[in-house]
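Peer 1: I have a structure I would like to understand better, so I am pasting it below and will then ask my questions one at a time.
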Amino acid sequence: QVQLVESGGGLVQPGESLRLSCAVSGSLFRINDMGWYRQAPGKQRELVAMKPRVGSINYADFAKGRFTIFRDDTKRTVSLEMNKLKPEDTAVYYCNVDVSYWRNEVLMRSNNWGQGTQVTVSS
């Protein structure tokens with residue numbers, strides 16, 4: 001069973017920075033995509049950044065130039081460095097990880113969400 005544990009949210013002022021982290025545990029064959037989504041009150045959940053195992057990173061337009069995603073497959077972590085934060089970045093941020101694992105000699109795949117961490121940007 002896959003577990004994701006997030007950390008790093010909090011209250012910051014506009015222009016400040018935060019770093020979110022997500023640790024993946026469980027008996028896995030492979031971690032595929034690792035990324036971050038966010039959901040603001042009254043809005044749909046949206047992609048922030050996604051780093052696939054192979055291929056280019058995908059950033060949302062609002063994240064380009066301000067946010068950076070880091071992936072460490074050895075430590076099984078994905079982090080999101082957020083700079084120059086704005087009030088409109090206020091949301092619950094969710095880690096999302098797509099993994100492959102063996103079950104009864106069959107290679108399975110699942111998509112998993114963290115519990116979410118609140119980021120509030122306010123003066």
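Peer 1: Restricting to segment 32-53, and then to whatever is open to solvent by less than 50 Å² (accessible area, probe 1.4 Å) and in a loop (DSSP other than H, G, I, E, B), can you tell me which residue is nearest to D73 (Cα to Cα)?
Peer 2: Here the residue is P52.
Peer 1: Something else: From the set of residues in segment 1-26 that are aliphatic (A, V, I, L, M) and under 29 Å from Y101 (Cα atoms), which is modelled with the lowest pLDDT? Before you say what the answer is, go through the steps one by one.
Peer 2: Applying the first criterion (aliphatic (A, V, I, L, M)) to segment 1-26 yields 2, 4-5, 11-12, 18, 20, 23-24.
The next check asks that each one be under 29 Å from Y101 (Cα atoms); those that pass are 2, 4-5, 20, 23-24.
Details: V2: 91, L4: 96, V5: 95, L20: 98, A23: 97, V24: 97.
Selected residue: V2.
Peer 1: Out of F29, F70, report the one residue that is modelled with pLDDT under 95 and open to solvent by 60 Å² or more (accessible area, probe 1.4 Å).
Peer 2: Answer to the selection: F29.
Peer 1: Turning to a different aspect of this structure: Can you find a residue that is in contact with a helix residue (DSSP H, G or I) (Cβ under 8 Å, 6 or more places away or on another chain) and of a type outside the set (S, T, N, Q) anywhere in segment 99-115?
Peer 2: no
Peer 1: Residues that are over 12 Å from the mean Cα position of the chain (by Cα): which strands (runs of 3 or more DSSP E) entirely in segment 55-111 hold 1 or more of them? Lay out the reasoning, then the answer.
Peer 2: Numbers: elements: 67-72, 77-82, 91-103.
The qualifying strands (runs of 3 or more DSSP E) are 67-72, 91-103.
Residues are listed down the side, and each one gets a yes or a no for (1) touching a residue at least 12 places away in the same chain (Cβ under 8 Å); (2) surrounded by 15 or more Cβ atoms within 10 Å (Cβ to Cβ); (3) not β-branched (V, I, T):
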position: G55; (1), (2), (3): no, no, yes
position: R76; (1), (2), (3): yes, yes, yes
position: V97; (1), (2), (3): yes, yes, no
position: N104; (1), (2), (3): no, no, yes
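Peer 1: Here is a further query. Examine segment 24-41 for a residue that is in contact with a helix residue (DSSP H, G or I) (Cβ under 8 Å, 6 or more places away or on another chain), hydrophobic (A, V, I, L, M, F, W, C) and in contact (Cβ under 8 Å) with a residue 60 or more places away in the chain, and state whether such a residue exists.
Peer 2: no
Peer 1: Consider R38 carefully, then state whether it is closer than 20 Å to Q13 by Cβ and among the basic types (K, R).
Peer 2: Values: closer than 20 Å to Q13 by Cβ: yes; among the basic types (K, R): yes.
Yes; evaluated as a whole, the condition is true for this residue.
The values are calculated or read from the model by the stated rules, or taken from the named source; none is laboratory data. Values in this document were obtained by computation on a predicted structure and should not be read as measured data. Ideal geometry is used to build each Cβ from the backbone, glycine not excepted, and the neighbour counts take in all protein chains shown. Just the protein is used for accessible areas: all its heavy atoms, side chains included, with ligands, DNA and RNA removed. Shrake-Rupley method; radii C 1.70, N 1.55, O 1.52, S 1.80 Å.
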